[in-house]
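Trainee: Take this structure, written in structure tokens, and hold onto it; I'll ask about it next.
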Amino acid sequence: MKLPISPQWDPWDAWNTIQAKHRYELTSIEFTVTNLCNLRCEHCAVGETLLHKEEPFICFQTVFDRLDELETLQTISITGGEPVFHSDTVEKAIKPILQYAKKRGIYIQLNTNLTLPYHRYEGWIQDVDVVHISYNYRDYHDFHRMVYAKMNRTVSEAVAEKTFQLMKDNAKKLAEQDVFVSAETFLSPFTASHILQMHDDIVEMGCKRHEVHPLYPSDFAKGMSLLSLDDYRNAVEQLIENPKAWILFGTLPFFPCSNEKNDQLLWKKLHYQKNVTVRQDPDGRNRLNINLFTGDVTITDFADIPSFGNIFTHKLADIFAAWLQHPMAKKLHCICPAAKCTGPNLLVADSYYPEWNFSERKAHIEVS
Ligand code: SF4
């Protein structure tokens, strides 16, 4: 029996196994099910892997055999590209994965831009535990500028307006049918100044959760400006003053081992504020990504990170164990249990704290 997802129970949080077993454990698998997408967002962290024609899938029996070996599996995420863009992806990959997850009582998240006609989601979306979308816009003008930025053809404002409205209408319809829609905003110099309006819009669409992350400077997003830590802190402070829905801060660029008093205070505040949670980063701590076209396994789908193995030759648990011994993992996998912190996301550490050796740091504060 699956517990409902709530601020008290986030099955993707890497903190769960640290708390229960005092170690990292592979509980989560992310599948890259497509490299196709109808959009080309300026901030896309996998943009350079996007294609116009898909390769065939690898053998699903091998995939499910590998999942069967993983007794600790609790969550699956489905990502792309846009997983719903091509009906073949829905029929050949998403539905079989949903069936598998249902049999084992595993939570499923679908990452989608939600811009396809509503009927494309009907008949199977109810089996998804979290429908995850991106929301970084005030209006269709922002949407137009951002989501077609890397398209190799011009897209009219009229098309952008229609697509933006479709996304919002789809989110509302799903929410009305009690589907858990979670909208993510990245904090950048642009979005930080409008974060309160975006929060209100997300609540208005009926989303149950607002996820807030840094911009990941990978692939298309590599050249984009990052928000300063001071501006990031200010945006978080504003947002948590009056959360109108659950706000989840993921890959947060502040740590309890910081010597900055402001950062220590913010960490505490986030842990005591109602309707606010901090998620410890799953990538490489409790999650691996499997590419369904190659069988390659990586710690995240972001293109710059090399593969650590392949499901045709290795068990998932063995790949995870090998990754934990890797110097990159050792450098970032610090744990301070009393502060409820399991260290930084790789891209966050590289962007904001290139000089810090996290394995030598210790938290200055505690939270209960
Ligand atoms: S777990 Fe790592 S990042 Fe977190 S407080 Fe401890 S040393 Fe700092």
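The values are calculated or read from the model by the stated rules, or taken from the named source; none is laboratory data. Quick caveat: nothing in here was measured; it's all calculated off a predicted structure. Cβ coordinates were reconstructed from backbone atoms using ideal geometry, including for glycine residues, and neighbour counts include every protein chain displayed.
Trainee: Exactly one of (1) surrounded by fewer than 16 Cβ atoms within 10 Å (Cβ to Cβ); (2) charged (D, E, K, R); (3) farther than 21 Å from F293 by Cβ is unmet by K168. Its number?
Mentor: So K168 meets the others, but not (1).
Trainee: Is the stretch 221-228 home to any residue that is within 15 Å of the ligand (Cβ to nearest atom) and of a type outside the set (A, V, I, L, M)? Step through it out loud before you land on a result.
Mentor: If we filter the stretch 221-228 for residues that are within 15 Å of the ligand (Cβ to nearest atom), which is where we start, we get none.
Among the residues of the stretch 221-228, not one is within 15 Å of the ligand (Cβ to nearest atom) and of a type outside the set (A, V, I, L, M), which makes the answer no.
Trainee: Based on what the data block shows, is K274 more than 21 Å from the chain's Cα centre (by Cα), more than 17 Å from V348 (Cβ to Cβ), in contact (Cβ under 8 Å) with a residue 24 or more places away in the chain and within 14 Å of the ligand (Cβ to nearest atom)? First the steps, then the outcome.
Mentor: Working: more than 21 Å from the chain's Cα centre (by Cα): yes; more than 17 Å from V348 (Cβ to Cβ): yes; in contact (Cβ under 8 Å) with a residue 24 or more places away in the chain: yes; within 14 Å of the ligand (Cβ to nearest atom): no.
For K274, the condition - more than 21 Å from the chain's Cα centre (by Cα), more than 17 Å from V348 (Cβ to Cβ), in contact (Cβ under 8 Å) with a residue 24 or more places away in the chain and within 14 Å of the ligand (Cβ to nearest atom) - is not met.
Trainee: Would you tally the residues in the stretch 273-304 being part of a loop (DSSP other than H, G, I, E, B), more than 16 Å from S28 (Cβ to Cβ) and of a type in the set (V, I, T)?
Mentor: Within the stretch 273-304, residues that are part of a loop (DSSP other than H, G, I, E, B), more than 16 Å from S28 (Cβ to Cβ) and of a type in the set (V, I, T) number 1.
Trainee: Filter the stretch 277-290 down to residues that are buried (at least 19 other Cβ atoms within 10 Å of the Cβ) and of a type in the set (D, E, K, R) and give me whichever is farthest from the ligand (Cβ to nearest atom).
Mentor: The selected residue is R287.
Trainee: Also, quick follow-up: Test V147 against the criterion of being surrounded by 20 or more Cβ atoms within 10 Å (Cβ to Cβ) and in contact with a Lys or Arg (Cβ under 8 Å, 6 or more places away or on another chain), and give yes or no.
Mentor: On the way: surrounded by 20 or more Cβ atoms within 10 Å (Cβ to Cβ): yes; in contact with a Lys or Arg (Cβ under 8 Å, 6 or more places away or on another chain): yes.
Criteria met by V147.
Trainee: Which condition from (1) within 30 Å of P214 (Cα to Cα); (2) hydrophobic (A, V, I, L, M, F, W, C); (3) assigned to a helix (DSSP H, G or I); (4) touching a strand residue (DSSP E or B) at 6+ places or on another chain (Cβ under 8 Å) is the one that V159 breaks?
Mentor: For V159, the failing item is (4).
Trainee: Right, another one. Among the candidates S87, S77, S6, which residue alone is within 24 Å of D296 (Cβ to Cβ) and of a type in the set (G, A, S)?
Mentor: Working: S87 fails: within 24 Å of D296 (Cβ to Cβ); S6 fails: within 24 Å of D296 (Cβ to Cβ).
Going through S87, S77, S6 in turn, the sole match is S77.
Trainee: From the list F249, F254, F293, exactly one residue is surrounded by fewer than 20 Cβ atoms within 10 Å (Cβ to Cβ) and either of a type outside the set (V, I, T) or at pLDDT 95 or above (or both). Which is it? Don't jump to the end; show me each part of the working.
Mentor: Details: F249 fails: surrounded by fewer than 20 Cβ atoms within 10 Å (Cβ to Cβ); F254 fails: surrounded by fewer than 20 Cβ atoms within 10 Å (Cβ to Cβ).
None of the other options fit; the residue is F293.
Trainee: Any residue at all in the stretch 214-223 that is touching a Phe, Trp or Tyr at 6+ places or on another chain (Cβ under 6 Å) and assigned to a helix (DSSP H, G or I)?
Mentor: So in the stretch 214-223, the residues touching a Phe, Trp or Tyr at 6+ places or on another chain (Cβ under 6 Å) come out as 215, 218.
Subsequent filtering for residues that are assigned to a helix (DSSP H, G or I) retains none.
Looking for residues that are touching a Phe, Trp or Tyr at 6+ places or on another chain (Cβ under 6 Å) and assigned to a helix (DSSP H, G or I), one finds none in the stretch 214-223, hence no.
Trainee: A follow-up question, please. Hey, could you check the stretch 20-31 for residues that are touching a helix residue (DSSP H, G or I) at 6+ places or on another chain (Cβ under 8 Å) and touching a residue at least 40 places away in the same chain (Cβ under 8 Å) and say which is surrounded by the most Cβ atoms within 10 Å (Cβ to Cβ)?
Mentor: Within the stretch 20-31, the first condition is being touching a helix residue (DSSP H, G or I) at 6+ places or on another chain (Cβ under 8 Å), and the residues that meet it are 22-27, 29, 31.
The next check asks that each one be touching a residue at least 40 places away in the same chain (Cβ under 8 Å); those that pass are 22, 24-27, 29, 31.
Values: H22: 9, Y24: 20, E25: 17, L26: 22, T27: 22, I29: 24, F31: 21.
Among residues in the stretch 20-31 that are touching a helix residue (DSSP H, G or I) at 6+ places or on another chain (Cβ under 8 Å) and touching a residue at least 40 places away in the same chain (Cβ under 8 Å), the one surrounded by the most Cβ atoms within 10 Å (Cβ to Cβ) is I29.
Trainee: Let me ask another. Hey, could you check the stretch 337-347 for residues that are under 23 Å from Q19 (Cα atoms) and surrounded by 19 or more Cβ atoms within 10 Å (Cβ to Cβ) and say which is farthest from the ligand (Cβ to nearest atom)? Give the steps one after another, and end with the answer.
Mentor: Applying the first criterion (under 23 Å from Q19 (Cα atoms)) to the stretch 337-347 yields 337-346.
Those left that are additionally surrounded by 19 or more Cβ atoms within 10 Å (Cβ to Cβ): 339-346.
Values: A339: 5, K340: 9, C341: 3, T342: 6, G343: 4, P344: 6, N345: 10, L346: 13 Å.
Taking the candidates together, the pick is L346.
Trainee: Yes or no: S218 among the hydroxyl-bearing types (S, T, Y), closer than 30 Å to P4 by Cβ and in contact (Cβ under 8 Å) with a residue 60 or more places away in the chain?
Mentor: Values: among the hydroxyl-bearing types (S, T, Y): yes; closer than 30 Å to P4 by Cβ: no; in contact (Cβ under 8 Å) with a residue 60 or more places away in the chain: yes.
When the stated conditions are applied, S218 does not pass them.
Trainee: Can you tell me which of (1) more than 20 Å from the chain's Cα centre (by Cα); (2) surrounded by fewer than 15 Cβ atoms within 10 Å (Cβ to Cβ); (3) not charged (D, E, K, R) is the one N310 doesn't meet?
Mentor: (2)
Trainee: Any residue at all in the stretch 18-25 that's in a helix (DSSP H, G or I), farther than 30 Å from F57 by Cβ and among the charged types (D, E, K, R)?
Mentor: Residues of the stretch 18-25 in a helix (DSSP H, G or I): 18-21.
Filter once more, keeping what is farther than 30 Å from F57 by Cβ: 18-21.
Next, only the ones that are among the charged types (D, E, K, R) stay: 21.
Yes, that holds for at least one residue.
Trainee: While we're looking at this one, here's another question. Taking the stated definitions as given, is F249 within 25 Å of E355 (Cβ to Cβ) and in a loop (DSSP other than H, G, I, E, B)? Outline the logic, then answer.
Mentor: Details: within 25 Å of E355 (Cβ to Cβ): yes; in a loop (DSSP other than H, G, I, E, B): no.
No: the conditions fail for F249.
Trainee: Let me ask another. Can you tell me which residue within the stretch 348-368, out of those that are within 13 Å of the ligand (Cβ to nearest atom) and in a helix (DSSP H, G or I), is nearest to the chain's Cα centre (by Cα)?
Mentor: Kept after step one, since they are within 13 Å of the ligand (Cβ to nearest atom), are these residues of the stretch 348-368: 348-349, 352-353, 356-367.
Within this subset, residues satisfying the condition of being in a helix (DSSP H, G or I) are 348-349, 352, 358-360.
On the way: V348: 14, A349: 17, Y352: 19, F358: 22, S359: 24, E360: 27 Å.
Filtering the stretch 348-368 for residues that are within 13 Å of the ligand (Cβ to nearest atom) and in a helix (DSSP H, G or I), the one nearest to the chain's Cα centre (by Cα) comes out as V348.
Trainee: Shifting gears a bit: Quick one: in the stretch 313-335, which of the residues that are within 15 Å of the ligand (Cβ to nearest atom), within 21 Å of the chain's Cα centre (by Cα) and assigned to a helix (DSSP H, G or I) is surrounded by the fewest Cβ atoms within 10 Å (Cβ to Cβ)?
Mentor: M328
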